[in-house]
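A short worksheet on the structure shown next.
The values are calculated or read from the model by the stated rules, or taken from the named source; none is laboratory data. As the structure is a prediction and not an experimental result, all values here were calculated from the model. Every residue, glycine among them, receives a Cβ derived from its backbone with ideal geometry; neighbour counts consider all protein chains shown. Just so you know, the surface numbers come from the protein's heavy atoms only, side chains and all, with ligands and any DNA or RNA stripped out. Shrake-Rupley method; radii C 1.70, N 1.55, O 1.52, S 1.80 Å.
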Amino acid sequence: LWGCNENAPVEPLGPTVPAGLVVAGTIVDTEGRPAEGAVIAAESLVEGRAAAVAARLSGDPDLANAAAKSAVASAVSDADGAYVLDGLDAGRWLLRTDLSDHLGDSRQVELAAAVGTTFVDIQLTPTGTLAGLATLENASLHDGTVVYVEGTSYLAVTDGAGSFAMTGVPVGSWDVRAFHAGYLDDATTGSLASAAEVDTLPDLFLPLDPNIPPVVD
């Protein structure tokens, strides 16, 4: 409907203009597929620290309250992986992106007052789980064996049955090794092709180390 009065015409409503500066872009995986449902949050930086951290360290309650109210913005990517964060102030911001079964992303971006929209595209690495069984020779309990992806910090420790699961491992092919003091190592390989995949590895068996020196009783 249109409306007017005798003194001045009423102009039609135009598109909504977001207040403040805008960060926009797309979030994809390593294959270039749109990452739907990723949560991206922006937090302003104060002297190189996230605003909430800087406020807590300052011990100033007024600064802490201001940081809590105005220093954070968030959005969720759509089916095309697109996102928009608006209402931001000029300055340096920390962008954090999280998506289930993907490695998170964290980066800093400088927003200039003269630039209305800053475009930041983000690529996330999908992750999965390597699981399996590692047992010990002549043992009734098989807990305490460390199973790890060689050359990385991904690891798990077996339970009493020898079961283990390493979560959050990036897609790809991996060399996996099992270690337990007093036993010889065993190794195998695993491969993850897509997000949330679970690869059950071949069973690992650690024989007793025959070179362990005797213990005097």
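Summary table below
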{"read-out": "For Arg33: the one exception among (1) open to solvent by 80 Å² or more (accessible area, probe 1.4 Å); (2) modelled with pLDDT under 90", "value": "(2)"}
{"read-out": "Residue under evaluation Ala75, criteria (1) open to solvent by 60 Å² or more (accessible area, probe 1.4 Å); (2) of a type outside the set (S, T, N, Q); (3) modelled with pLDDT of 95 or more, criterion not met", "value": "(1)"}
{"read-out": "Answer from Thr152, Thr188 - the residue that is out of contact with any Leu (no Cβ under 9 Å at 6 or more places or on another chain), hydroxyl-bearing (Ser, Thr, Tyr) and closer than 30 Å to Gln123 by Cβ", "value": "Thr152"}
{"read-out": "Meets criteria (at pLDDT below 85, open to solvent by 60 Å² or more (accessible area, probe 1.4 Å) and acidic (Asp, Glu)) for Asp62", "value": "yes"}
{"read-out": "Cross-chain or 6+ apart pairs with Cβ under 6 Å, segment 21-48 first and of a type in the set (D, E, K, R), then surrounded by fewer than 21 Cβ atoms within 10 Å (Cβ to Cβ)", "value": "Glu36/Ala79; Glu43/Ala50; Glu43/Val72; Glu43/Leu94"}
{"read-out": "Segment 158-175, residues that are touching an Asp or Glu at 6+ places or on another chain (Cβ under 8 Å), in contact (Cβ under 8 Å) with a residue 40 or more places away in the chain and in a strand (DSSP E or B)", "value": "Trp174"}
{"read-out": "Test: residue in segment 156-168 that is open to solvent by 40 Å² or more (accessible area, probe 1.4 Å), under 25 Å from Ile40 (Cβ atoms) and not aromatic (Phe, Trp, Tyr)", "value": "yes"}
{"read-out": "Condition check for Ala178: under 23 Å from the mean Cα position of the chain (by Cα) and either within 29 Å of Gly104 (Cα to Cα) or assigned to a strand (DSSP E or B) (or both)", "value": "no"}
{"read-out": "Of all residues in segment 95-130 being open to solvent by 20 Å² or more (accessible area, probe 1.4 Å) and of a type in the set (A, V, I, L, M, F, W, C), the one that is farthest from Ala161 (Cα to Cα)", "value": "Ala114"}
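Every residue, every condition in (1) of a type in the set (Lys, Arg); (2) in contact with a Lys or Arg (Cβ under 9 Å, 6 or more places away or on another chain); (3) under 27 Å from Gly104 (Cβ atoms), yes or no:
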{"site": "Thr135", "(1), (2), (3)": "no, no, no"}
{"site": "Asp185", "(1), (2), (3)": "no, yes, no"}
{"site": "Ala196", "(1), (2), (3)": "no, no, yes"}
{"site": "Pro214", "(1), (2), (3)": "no, no, no"}
